[in-house]
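The values are calculated or read from the model by the stated rules, or taken from the named source; none is laboratory data. All figures in this text were calculated on a predicted structure; none of them were measured in a lab. FYI the Cβ positions are ideal-geometry reconstructions off the backbone, even for glycines, and counts take in every protein chain you see. Accessible surface areas use protein heavy atoms only, side chains included; no ligands, DNA or RNA. Shrake-Rupley method; radii C 1.70, N 1.55, O 1.52, S 1.80 Å.
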Number of protein chains: 2
Amino acid sequence: MENIIDVLKALSDETRLRMISLLKVRELCVCDIMDTLEITQTKASRHLKNLKAVGLVTDRQQAQWVHYSIAHGADDRLLDELVDRARISEPYKSDLIRLEERRSRCGREC
Amino acid sequence: MENIIDVLKALSDETRLRMISLLKVRELCVCDIMDTLEITQTKASRHLKNLKAVGLVTDRQQAQWVHYSIAHGADDRLLDELVDRARISEPYKSDLIRLEERRSRCGREC
DNA sequence: TTCGTATATTCGAATATGCGAATATGTAAA
DNA sequence: TTTACATATTCGCATATTCGAATATACGAA
């Protein structure tokens, strides 16, 4: 993983912390994230790029979809601690509900 | 403690993380911090104010000295995790050495 | 090839953050 | 009161970050 300051900078943005919280549930493609967080595609792409740059997430391309997941090198203790704390309150709490609603609505595919 | 994003923002600055690392050792006055981190007084004061604003540290005035320490409400698990990681490398590692050198040189008083 | 969908990048504007220099405040001692 | 020292704040500037809109790229299907 990268320099701790860069990692903390990456995590200290609400959009990116929300993304980490979702990706802790499971691997997701960009459209899952956009729809769940209700953000624009530009915003999703930009912040995912940032998380990838500091080594917190990795991506995997499958056809035209890009699937993101928590990187293996990521500090699980740190991320679990942060995600647990964040999910006590909004918007992190509702994000999880919206993610599961989306899953039941769309099935396994994007 | 404050909103997690504000706390992470406060922690994602090298000067402030160095301060947290020092304050985890013991309570310190501003001049201890300035001298150990080799930063200007303005810079020390500014960043300590930031840490205080998000509830990570508290201060205690004694005559003309202001002593800072880690706040009781601060998330110890998070701070210990970060400080342990940071101190593996520079400048956090040398800061601890400089702090102890200063202590033996100056004794207990400022 | 053309079309549609998924994702990434670039651009310019707005806002936030960090800095040093100068100045202000507060306390203790002379 | 004056002086000296410890700390805080203000100011102007430089840099970084974030955003939406527009555009580019990449892939699969027709």
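Each of B:R105 and B:K93 was given a label point 7 Å from its Cα along the Cα-to-Cβ line. The distance between the two points is 2.2 nm.
Grab the other residues whose beta carbon is less than 14 angstrom from that of A:K93, score K and R as +1, D and E as -1, and report the net.
Here the charged neighbours net out to -1.
Per the rotation superposing chains B and A, the chain B residue found at the smallest beta carbon distance from the axis is B:S12, 2, distance in Å. Over chain A, the hull volume per residue, using the convex hull of the C-alpha atoms, is 93 Å³. Sorted from shortest to longest, the distances between the A:H72 label points of this copy and the other copies are 4.6 nm, with each point 7 Å from Cα along the line through the beta carbon. Over the residues of the protein assembly as shown, the helix contribution to mean residue ellipticity at 222 nm works out to -18000 deg cm²/dmol, using -39500 (n - 2.57) for each DSSP H run of at least 4. Mind scanning A:K43/B:K9; A:K43/B:K43; A:K9/A:K93; A:K93/B:K93 and naming the pairs with a C-alpha gap bigger than 31 Å? Distance filter (> 31 Å) returns A:K43/B:K43; A:K93/B:K93. Between A:D80 and B:Q64, what FRET efficiency follows from the Cβ-Cβ distance if R0 is 41 Å, with the result rounded to 0.05? The formula returns an efficiency of 0.40 here. Accessible surface computed residue by residue for segment A:4-101, with neighbouring protein chains in place and a 1.4 Å probe, gives 47 Å² per residue.
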